[in-house]
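To start, the structure under review is shown below, and the notes come after it.
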Amino acid sequence: MKKLKNKLNTLCIFREILKDPVMFALLRYLDEPQNSYYAEFVAALYNANGGNLGEHIKELCTNSENVYVRTVGKGKSVPGYMYQSLEAELDILQEVAELTQNVLCEDLNYTDFLPAFTTTKLQLKNIYLHRAENISRFGYGIYVKNRMFYIDDQNRIVPVRNPDKTELSHLVDYERERQIIIDNTKALLEGKPAANILITGDAGTGKSSAVKAVANALWNDGLRIVELRKDQLRAIPEILNELSENPLKFILFIDDLSFLKDDDNFNALKAVLEGSVTAKSDNVVIYATSNRRHIIKEKFSDREGDDVHRNDTIQELVSLSERFGIHVSFFKPDKKTFLNIVHHLAEENGINMSEDEIDLSAEQFALSRGGRSARIARQFIDSLLSR
């Protein structure tokens, strides 16, 4: 036990995982085998993942944001001595992953009940090196297990614990509009030039759902989505600096974007889209949705008054939308499209109603809600399911 403890204390690349509660408790037990220390170790393992040591060690390694994966992620060559350290440390952690209750309790002078745990047999080195070779798909650190993120009040990128699970198969119609978003996003993933996209249209037509569904569909290919609020637009240069050397590809997502005429955030986003001192990152695109074609809440009085350069003022108001390379519009569905969405959702949810009955009920429901949309169709189906 002492020998394994001494080996673990030599970890360099994976040094930070020694602070993990399971590893910390294990080191304490290896240093001084006692039944209480063993129980602390197993309790920590139970809390971590239910009691599988091999899986926990694998997760610690693959989630580690260490100097090796950061170097590989930047596309730089890894020094030979660092690679030798990596291999040696993975061998040590493989030894830990193979520990069993019998091995750990061999020298423990205690004959009563002790809690058990399990482990999964795995080739840790092969798994880790495979992920490192394909780091542009797997990522590292918080980006390994999470697909959606948000910006907190300290401008930090934080994982969304319960991400939107919308899939492309859940969305009906608007195939042409979604395909534009898909093709542009695939170009980003393939390292080809990709444009920022402005998605406008009527409320409830599925603009936000389309972006999130594309992110869910392509996250296994190395795509992640980071959502930020309008009042956080000034943080974009800082976010771009953080993401620019990451091997993954990112969508910066701004939902329901609109500005008042004199909004300072307007110029902040405009500068980022074009002409800013911050260079555009090759691995980041900005996707924004808005219910307004020109984003700015423009009044008729803005087109009048005593402004000598009135045309310049109007151009300034619409210039932000023109700085997006692609503009996609989601219009309210007509009756045929609306009912097509309703029938698709009804079949998907196992609703057994005649076509005429569901058409009549759906139209009445849409009329009571002020018009047709994909969101109204979803609400109608939910109302049927709740009966």
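Spelling out what I want: for every residue of segment 6-20, take phi, set θ = phi - 60°, compute 6.51 cos²θ - 1.76 cosθ + 1.60 (Karplus), and round to whole Hz; glycine and proline get x.
4, 5, 4, 6, 8, 4, 10, 4, 9, 4, 5, 6, 5, 7, 4
Order of 327, 130 from fewest to most other C-beta atoms within 10 Å? Before the final figure, lay out each step's value.
Details: 327 14, 130 11.
Lowest to highest Cβ neighbour count: 130, 327.
Would you list 330, 138 from fewest to most Cβ contacts within 10 Å? It would help to have the intermediate numbers written out before the result.
Details: 330 24, 138 18.
Neighbour counts put them in this order, fewest first: 138, 330.
Grab the DSSP H runs of the chain that are 4 residues or longer, score each as -39,500 (n - 2.57), total them, divide by all residues and round the 222 nm result to the nearest 500 deg cm²/dmol.
Values: 17 runs with 185 residues, N = 387.
It comes out at -14500 deg cm²/dmol, rounded to the nearest 500.
Report, to one decimal in Å, the Kirkwood hydrodynamic radius for segment 2-143 based on all distinct Cα pairs.
Values: mean 1/r = 0.0630 Å⁻¹.
Mean inverse Cα-Cα distance, inverted, gives 15.9 Å.
Relative contact order of segment 1-79, please, whole-number percent, based on alpha carbon pairs below 8 angstrom and at least 6 residues apart. Spell out each step's value before the answer.
On the way: 49 pairs, mean separation 20.8, N = 79.
The value is 26 percent.
Taking only Cα atoms and a 10 Å spring cutoff, compute GNM fluctuations for the chain and point out the largest among 51, 139, 206.
51
Out of all DSSP beta bridges with both ends in the chain, state the antiparallel percent to the nearest 5. Please report the intermediate quantities before stating the final value.
Values: 3 of 27 bridges.
Within the chain, antiparallel bridges account for around 10 percent of the total.
What is the fewest-to-most order of 224, 369, 387 by other Cβ atoms lying within 10 Å of their Cβ?
Details: 224 24, 369 14, 387 4.
Fewest-to-most Cβ neighbours within 10 Å comes out as 387, 369, 224.
Mind sorting out which of (i) 86, 27, 21; (ii) 29, 24, 20; (iii) 50, 29, 17 is the real semi-axes √(5λ) of the Cα gyration tensor in Å computed from the coordinates?
(iii)
Among the helices of the chain (complete DSSP H runs), which have Cα atoms covering no less than 18 Å along the helix axis and a Kyte-Doolittle mean of at least -0.5?
35-49, 80-97, 335-348, 355-368
Just so you know, all these numbers are worked out from the coordinates, no wet-lab data involved. Computed from a predicted model, the values in this text were never measured in an experiment. Ideal geometry is used to build each Cβ from the backbone, glycine not excepted, and the neighbour counts take in all protein chains shown.
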